[in-house]
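Quick notes on the structure that follows.
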Amino acid sequence: MEIYLDANATTPVLSQARAAALSVMADTFGNPSSIHGSGLRARALLDEVRAAARRVLGAPTGQVLFTSGATEGIQTAVLSALHSLRQRRIAGEAIPARLLYGSTEHKAVPEALRHWNGLLSLQLQIDAIPVAADGRHDLAWLRRHAPEAGLVCTMAANNETGVISDLDGIADALAGSGALWMVDGVQALGKLPLHLAERRIDYAPFSGHKLYAPKGIGMLYVRDGAPLTPLLTGGGQEGALRAGTENMAGIAALGAVLSALEGGGVFASAERLQAQRGRLASALREAFPGVVFNAPFESSLPTTLNFSVPGMSARTLLDLFDAAGLRMSGGSACSAARAQPSYVLEAMGLAAWQTESAVRLSFGAADSASLIDEACDRLRSCGEVMRATCQSEGTHGADGPVDLLTRFVVDGACCYIVADTDSRRCVVIDPLPQLTDRLLQWIRCRQFELAAVLDTHSHGDHASSAQDLRGALAPSLGERDACDALGWPTGGRAIELGRHRLVRMPIPGHTQDSTAYLLHDDKDQLCMAFVGDTVMPGALGRSDFEQSAPMDFAASLRALEQAVGPHTLLLSGHDYDNRFATTLSVECAAQPLLAAVLQGRLGDESFAMEKAALERVLAPTEYQTLACGARSECSLFDEQVELPAAQLLAQMSASSALLLVDVREPFESRVGAAGALGAQAVPLSSLINALPRLTQLPAETSLVFVCRSGNRSAQAARALRRLGHAQAWSLAGGLALWPAKAGDVPGAEALAI
Ligand code: PLP
C-alpha cells in the first residue's frame, strides 16, 4: 500500500469533494450567468461556496474571487499593486522605489514581481527580505525598508519547511508604510486561523488542491479599497474582476472541503496533528539517529517535517522511501547534473550538506492515526535496512560478500574501493574529503583491512583525504606508514588483495607523478586499470598545470596502450557525464587527438601543442569545479534510450535474446520494492563490476535496464551504448509505470507476462 506523505505538493481529493464535483457535472451543470432555472441553481451554489469561504478565511468584507489556483491569484495581486503604482507615477506622484518579498517565498512570487515589473516598465528594485535561521522574516530589516516599498509579499507558511510567518510582527513592521501587502496563504489554508479582514492584508491567494480539493480551483481575497486590476477580462464573471465561465465542479468540490472544515470531524485538531508529527519525528530519530530537523517544530506547521540525514543524499533517501511505499519529496529540486541546494534552506543559512540533502515529509490533516502509525513502522524498517546494508553511520558487523569494486562520485570526481571478499583486504583509490566518513563507514562496517590508500596523482581540483583515512584506520602496510607521496608501499612491487593484485605504472603528463594502477586476477589476467585523469570519458587530462609534464603525455598514452590494449576497462578520476568506465578504443572514436597519437600520426611535440590549444580556454565544470581536461563530447542526453513498456512487452514475448537488468540498490528490494519480472539485479552502484560481462554479450541481445523512475536505468543504458552495445535500453518511465497486468499497457492487450 502506498502511503502518500507529500501533502504540501498536493493532496488527494476528499470523497465529499469528489461527490460534490460529480453532482455538479451531472446535475447542477448550469452556467451561473444564465437566468433560467439551471443557471440559478448553479448561481446559488456559487454564492453558498463564496459565503463559506468568507467564513473560513475570516473575510466578511472585501472580495473573494474564484481563480484557477494560487499562481493566478499571485499574478492578479501583483498586477493590481504594480498597475496602481504605475498609475500613480503617470499622475506625477513620487512612488516607492522597491518591491519586497520573503527570501523563502514560493518561486511564483518573485517570478510574478519580475514579470509585471518589466511588462509595466516600472523598473522598481526587487529585493528579498532576509530570514533568520528559524526561517522567519527579519522584522528589523523589514521595518527599515518598508517605507521605501510599494508592495511587500510574505507567505503565511512555507511549503518546504512549514515555518509559520509572524504575521502580526510583519503587520507591525509595516505600520506607517504605505506598502500594499500580499500574504500567500496556500499552505496555511485550513491549518491556521487567518482572520484576513482583521489584519491589514491586501491580497491573499489560495489553491484548493493543497487541501483536498481538485487542481484548477483557487481563491483570491482582496481587501476592500485595495487596487484590483483583472487579469482576465471577457464575459463579466466574478463582478467583471475575473472573467471566464466559472469552474463549477472545482467550486463545488472546494465548497465540500470548506464545509468539512467548518463542520469538524474530517480534519485533525492542531493537538492531534502535533502528536502525529511527534510520532513521525521519533520514528525518524530511531531509524536515522543522526537526523537533523531543518526547522523548529514550535514555529512550524505540524504537518511538515523537513530533515537531512548526515551521509545520505536526498536521492538515496527518496529511493529508499519510495521502495518502502512512502511518497515524499526532496527539499530541493534535482537537475541533471546534481541536486540543487534548497534556496529556502540556504536563505535560512543552513549548512551546505543540509541544504543539498533535505527531504520533506508532509502529511495531510485528514490522514488517519493508523496511516501515520504504518508510516512510522515503515520508517523504522528503512532505518534497519540501511544499518544492515552498512549505509548508516556507526553500524558494524556485516560480513557477507562484497563487490570487487565500489565507486563513489562527488561533483564528477570519482573514488574507488577495490575489495577482496576472501581476504577481506581493500584498497581505496583517490579518496575525496567529502567521502571520508562514508569510506570509513564502508570499511569498518564490513570489517575490512585497509591495505593502502592510493592517489593516481596530486590532484589539482580537490584535496586527497588519504592521510585522514590512514590516520583513522592505521593500514596494515608492510612497514607502517612507509609509503610514497601517492600512498604506494615503499619498496613494494605489488599490493596483494587475496585473489587480486594491483601493480603500478607511471604515466606522467597530466601531472609529473600521474600513475596508473593495473588490477590483475589470480590467473594474472588484467581486469581493469585505474588511470586517474590521464584518460577520462570524453577527455584527456589537462597538462597546463605547473606540476604537469606535457611533453611526456604522448609517450605515456602509448605506454598505456601497450600495457592495457584497446579493450581493457579504464576507470578514471573524473566522470562528469555518468559514463562509468571507458576503453582506449572507445576514447579513440570520441577523441581525434588521442586516435592521432596512438595511430602514430602525431609526435610528442605536436601532440602537446594541439592539446595545449584545446586547454587554452577551459571553463569550470557544471559543478563549478576546475575542469580536469578539455572534453571533446559532453552532451548527456544525446542518445534516446527509452523503450516504452508496450514495446518491451512485445520484445519479451517475441525474442529470447533479451536481458532485463534491475539497477535498483539492494536496500530498495529489502524494504519491499517488488522485483522486476525475473530481472537480474545489478545495482547502479556496482555497474562497473558487471561491465566486463555485459559488454561481452552478443550484439543482438537486447539489454533492458529498469529502475524506479527510469533515470538510473537510462544512465546504465547510455553507458553500455557508449561502450559499444548498441541494443541497450531503459524502460521508459521506470517501474513506477510498469503495468500491473499486460492489459494495462495500450497496445499490449494480447500479451501475457
Ligand atoms: N505558494 C505556495 C506556498 C505553494 O506551496 C504553491 C504550490 O506549491 C503555490 C504558491 C502555487 O500554487 P499553484 O501551483 O497551485 O498555483
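The values are calculated or read from the model by the stated rules, or taken from the named source; none is laboratory data. The structure presented is a predicted model; accordingly, all values stated were derived computationally and were not measured. Heads up, the Cβs are rebuilt from the backbone with ideal geometry, glycines too, and the neighbour counts pull from every protein chain shown. Ligands, DNA and RNA are stripped out before the accessible areas are found, and what is left, the full protein with its side chains, is counted by its heavy atoms. Shrake-Rupley method; radii C 1.70, N 1.55, O 1.52, S 1.80 Å.
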Take residue 402 and decide whether it is farther than 28 Å from residue 162 by Cα and in contact (Cβ under 8 Å) with a residue 60 or more places away in the chain. no
So if I check each of 199, 144, which one is at pLDDT 95 or above and either in contact with a strand residue (DSSP E or B) (Cβ under 9 Å, 6 or more places away or on another chain) or open to solvent by 30 Å² or more (accessible area, probe 1.4 Å) (or both)? 144
Filter the stretch 389-445 for residues that are part of a strand (DSSP E or B) and of a type in the set (Ser, Thr, Tyr); the one that is surrounded by the most Cβ atoms within 10 Å (Cβ to Cβ) is 416
Please go through the stretch 160-196 and give me each residue that is within 14 Å of the ligand (Cβ to nearest atom), at pLDDT 95 or above and over 19 Å from residue 77 (Cα atoms), ordered by number. 160, 161, 162, 163, 164, 165
Would it be correct to say that residue 427 is more than 24 Å from residue 6 (Cα to Cα), within 22 Å of the chain's Cα centre (by Cα) and of a type in the set (Val, Ile, Thr)? no
A careful count of residues in the stretch 84-117 that are assigned to a loop (DSSP other than H, G, I, E, B), among the small types (Gly, Ala, Ser) and touching a Gly at 6+ places or on another chain (Cβ under 9 Å) gives 1
Going by the conditions given, is residue 305 in a helix (DSSP H, G or I) and either crowded, with 19+ Cβ neighbours inside 10 Å or modelled with pLDDT of 95 or more (or both)? no
Which strands (runs of 3 or more DSSP E) does the stretch 156-250 wholly contain that include 2 or more residues that are within 15 Å of residue 66 (Cα to Cα)? 203-207, 218-222
Looking at the structure I just gave you, is residue 630 open to solvent by less than 70 Å² (accessible area, probe 1.4 Å), in a helix (DSSP H, G or I), touching a residue at least 24 places away in the same chain (Cβ under 8 Å) and farther than 30 Å from residue 380 by Cβ? no
Is it the case that the stretch 494-508 has a residue that's outside any strand (DSSP E or B) and out of contact with any Asp or Glu (no Cβ under 9 Å at 6 or more places or on another chain)? yes
Matching residues in the stretch 633-660 (at pLDDT below 85 and part of a loop (DSSP other than H, G, I, E, B)) number 9
Of residues in the stretch 42-98 being under 24 Å from residue 25 (Cβ atoms) and among the charged types (D, E, K, R), the one nearest to the ligand (Cβ to nearest atom): 72
State whether the residues of the stretch 141-155 include one that is under 23 Å from residue 257 (Cβ atoms) and within 14 Å of the ligand (Cβ to nearest atom). yes
Any residue at all in the stretch 689-708 that is part of a helix (DSSP H, G or I), farther than 22 Å from residue 391 by Cβ and touching a Lys or Arg at 6+ places or on another chain (Cβ under 9 Å)? no
Please indicate, with yes or no, whether at least one residue in the stretch 118-139 is within 28 Å of residue 197 (Cβ to Cβ), part of a helix (DSSP H, G or I) and either touching a Lys or Arg at 6+ places or on another chain (Cβ under 8 Å) or of a type in the set (Gly, Ala, Ser) (or both). no
Evaluate the following for residue 122: is it more than 16 Å from the ligand (Cβ to nearest atom), assigned by TED's automatic domain parsing to the domain that holds residue 187, in contact with a helix residue (DSSP H, G or I) (Cβ under 9 Å, 6 or more places away or on another chain) and open to solvent by less than 10 Å² (accessible area, probe 1.4 Å)? yes
Only one of 485, 463 is surrounded by fewer than 21 Cβ atoms within 10 Å (Cβ to Cβ), farther than 24 Å from residue 687 by Cβ, out of contact with any helix residue (DSSP H, G or I) (no Cβ under 8 Å at 6 or more places or on another chain) and among the aliphatic types (A, V, I, L, M); which? 485
Just for the stretch 1-19: of the residues that are away from the ligand (no atom under 16 Å from the Cβ), of a type outside the set (Asp, Glu) and assigned to a loop (DSSP other than H, G, I, E, B), which one is nearest to the chain's Cα centre (by Cα)? 1
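Here's the yes/no breakdown for (1) within 13 Å of the ligand (Cβ to nearest atom); (2) within 27 Å of residue 39 (Cα to Cα):
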| residue | (1), (2) |
| --- | --- |
| 207 | yes, yes |
| 210 | yes, no |
| 224 | no, no |
| 240 | no, yes |
| 243 | no, yes |
| 253 | no, yes |
| 257 | no, yes |
| 260 | no, yes |
| 263 | no, no |
